[in-house]
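Each remark here refers to the structure printed beneath this line.
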Amino acid sequence: MTGLSSTCRKASTEMAGIVIAGAGQAGVECAFGLRAAGYAGEVTLIGAEPGLPGQRPPLSKSYLKSRGTEAPLPFRGAALYDRQRIGFLAGCALRGIDRGARRLALSDGRALDYDRLVLATGARNRVLPLPGFGPGEVLGLRDLADADMLIARLPGLRRLAVIGAGFIGLEVAAALAGSGIAVTVLEAGPRVMARAVSAEVSAWFERLHRGMGTDLRLGVEVARREPGAVVLADGTRIAADAVLVAAGVVPDTNLAAAAGLATGNGILTDDLHRSSDPAIFAIGDVAMAPNRWAADPVRLESVANATEQARRVAAHLAGKPVPDPAVPWFWSHQGAGRLQMAGLARPQDASRVIEDTGEVLVVERHRGGRLVALETVNALRLHMAARKAIAPERVPA
Amino acid sequence: MVQVHFVAHDGTRTSVEAEAGTSIMAAAVANGIDGIVGECGGAAMCATCHVYLDPADAARVPDRAEIEEEMLDSAAAEVTGFSRLSCQITLEPGLDGLVVHLPQSQH
Ligand code: FES
């Protein structure tokens, strides 16, 4: 058995074991989590990207800001794959799932058998169905290749238009602030990060970004591209030499749906992250799972969620007690703003400002008189306390 | 290159060499040191890179910044006067030969 394999090929054929498809945070954590939980059988991890799987959050932050010199970390060093007997197939994508035969089709045409399959295939950048916004015409930022492509475009770039004022779009704007590149952020909604945070936190970050020189335009509808410009629905031309689309992601459910698994906004799972086929699990950005902090199943895009679901599935598959889920949490780092969220708020939940010093902002979110989330800007201790204190919405039987 | 010695909770010692300018956490992860996770990638957001400085070395490491103090409060293992977030310590030639001890768990 070899650890790293540069080609898309099965390293050993003795027994099927557990196959994990997708080598992002969830997939890698699950593979190593199986060993940590004492699982002794075969573990094979397949990743569509070339090279050793690495962290993504720094791509839109320190990696971009340092123009690629602060390389993002691999989740685990290469030596650890050998030592922990994780068979890793790099540059190898899943093409099909034959659930009857428990056999996977891989992108190089080979087949791979599994006893248990963990789908951690993540999500793809949303593509805008607009003229001039097709693949290859605009930049995106999700994986290392995306980040390298963006960085390669920066020298000589004068104006960048960013479509979408979510976490990624704003992190990019902050990382490029002061670089001499004029950044315009175009957002269809009335405020930044509207799906994720309260109006108060949105306003705090709108001030921050405008103060850093970003041209932030809210409530605008993008219509098309023309050479050197993005054109809005009202005819306004925004000069731009390059366009980055950061308009959210869509979960990669096509293969799962084609294999007959139940899907919606993600692959549907139960409390133990099992899909509608008990031999197949789904974790991370691709999974839509019940959550104790929400009334209905949710699909969460966060490092914390990916690692937690990975560890729970690893424990379950190793026959160990499954650790309890923790309060969901998220972070974003934009310029002088370190934003953390604990708990799951919905846009309509009430907000109550607890502290607002200009530098620090603390906002509680309430639903039916109950604290459901805490949003903090530059207030780590309160965030950490909230991660212990926010009570679940429901406790499964 | 700067050398760092990691002493696991069970006493196993692993020495790694890293380029000056990398963090201790980055050096550990790149070299497959088990006891350091580094879940947030060094953003001081997760406290899964908690280490203890060897008492003999504590004086030559720069003091904790406020953000590190705040974050250490939530480390999984016991926090002592020698506790540090290893992502916040940059390896410089002056830290060559540093000995750090790993906690039993980061979660
Ligand atoms: S790596 Fe997350 S706090 Fe150090």
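The values are calculated or read from the model by the stated rules, or taken from the named source; none is laboratory data. Remember, it's a predicted structure, so these values are computed and weren't measured experimentally. In this analysis, Cβ positions are derived from the backbone assuming ideal geometry, glycine residues included, and neighbour counts consider all displayed protein chains. Surface accessibility is based on the protein's heavy atoms, side chains included, excluding ligands, DNA and RNA. Shrake-Rupley method; radii C 1.70, N 1.55, O 1.52, S 1.80 Å.
Share of carbon and sulfur in the accessible area of chain B stands at 47%, probe radius 1.4 Å. Of interest is the spacing of the C-alpha centroids, which for segment A:222-279 and segment A:352-397 amounts to 29 Å. In the context of the full set of protein chains, residues of segment A:302-364 present 40 Å² of accessible surface per residue (probe radius 1.4 Å, heavy atoms only).
Using a probe of 1.4 angstrom and keeping all protein chains present, the accessible surface of chain B works out to 42 square angstrom per residue.
Counting only alpha carbon atoms, the long axis of helix A:144-153 and the longest principal axis of chain A meet at about 30°. Contact residues in segment A:310-337 (at least 50 Å² less accessible area with all protein chains than alone, 1.4 Å probe): A:R311, A:W331. Once every Cα of the protein assembly as shown carries one equal point scatterer and solvent is ignored, give the base-10 log of I(q)/I(0) from the Debye formula at q = 0.08, 0.10 Å⁻¹, two decimals. At q = 0.08, 0.10 Å⁻¹ the computed log10 ratios are -0.51, -0.82.
Helix A:167-176 and the longest principal axis of the Cα set of chain A meet at an angle near 60°. Considering only beta bridges that DSSP places wholly inside segment A:93-192, some 55 percent are antiparallel. Note on chain B: Cα-Cα pairs beyond 18 Å make up 39% of the total pair count. Near A:A294, within a Cβ-to-Cβ distance under 12 Å, what is the net charge of the other residues, with Lys and Arg +1 and Asp and Glu -1? Charge balance in the 12 Å sphere: +2. For segment A:226-311, with all protein chains in place and a probe radius of 1.4 Å, 52% of the accessible heavy-atom surface sits on carbon or sulfur. Give me the percent of accessible area attributable to carbon and sulfur for segment A:25-80, probe 1.4 angstrom. Carbon and sulfur atoms account for 58 percent of the accessible area of segment A:25-80. Once the 1.4 Å probe is applied to the protein heavy atoms, segment A:165-248 comes out at 39 Å² accessible per residue.
Comparing each chain alone with all protein chains together (probe 1.4 Å, DNA, RNA and ligands left out), the residues of segment B:12-31 losing at least 40 Å² of accessible area are B:V29. Pairing chains B and A buries close to 1900 square angstrom of accessible surface in total, based on protein heavy atoms and a 1.4 angstrom probe. Per residue, the convex hull spanned by the Cα atoms of segment A:32-184 amounts to 152 cubic angstrom.
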